[in-house]
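Please treat every number below as a calculation from the coordinates, not as lab data. A quick note: this is a predicted structure, and the numbers were derived from the prediction, not measured. Ideal geometry is used to build each Cβ from the backbone, glycine not excepted, and the neighbour counts take in all protein chains shown.
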Amino acid sequence: MQHLVVGLLVALCSVYALWTLMPTALRRPLAGWLLRVPGVGQGGPLASVLHRAAAGPNACGCDGCDAKPAARPRADAAVPIRIHRKSGRR
């Protein structure tokens with residue numbers, strides 16, 4: 001039983017690593033194909049992940065910039081100043 005659990009964990013971790021490290025050019029068509037498989041993409045637990053992967057890329061490849069527009073800072077907003085001290089050693 002222990003070998004079965006370890007084998008399942010290794011297989012799932014391998015699939016996750018392969019999916020994460022796969023180039024987007026390969027991941028997008030594979031996600032589109034998996035979306036058509038009943039039980040996996042059609043109402044399955046991975047449907048949202050597959051929809052994001054099958055969608056076209058955004059400007060920079062991250063999922064942050066285009067999610068919401070950046071709020072413009074007010075003119076009278078306080079701006080923090082960071083002071084970095086130099087170490088005495090050289």
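Order of 20-27, 79-86, 41-48 by packing, highest average Cβ count within 10 Å first? Provide the component values of the computation, followed by the final result.
On the way: 20-27: 10.4, 79-86: 4.6, 41-48: 12.5.
By packing density, highest mean first, the sequence is 41-48, 20-27, 79-86.
HN-Hα J couplings of the range 14-31 from phi, Karplus 6.51/-1.76/1.60, θ = phi - 60°, integer Hz, Gly and Pro as x?
In residue order, the calculated couplings are 5, 5, 5, 5, 5, 5, 5, 8, 5, x, 4, 5, 8, 5, 4, x, 5, 5 Hz.
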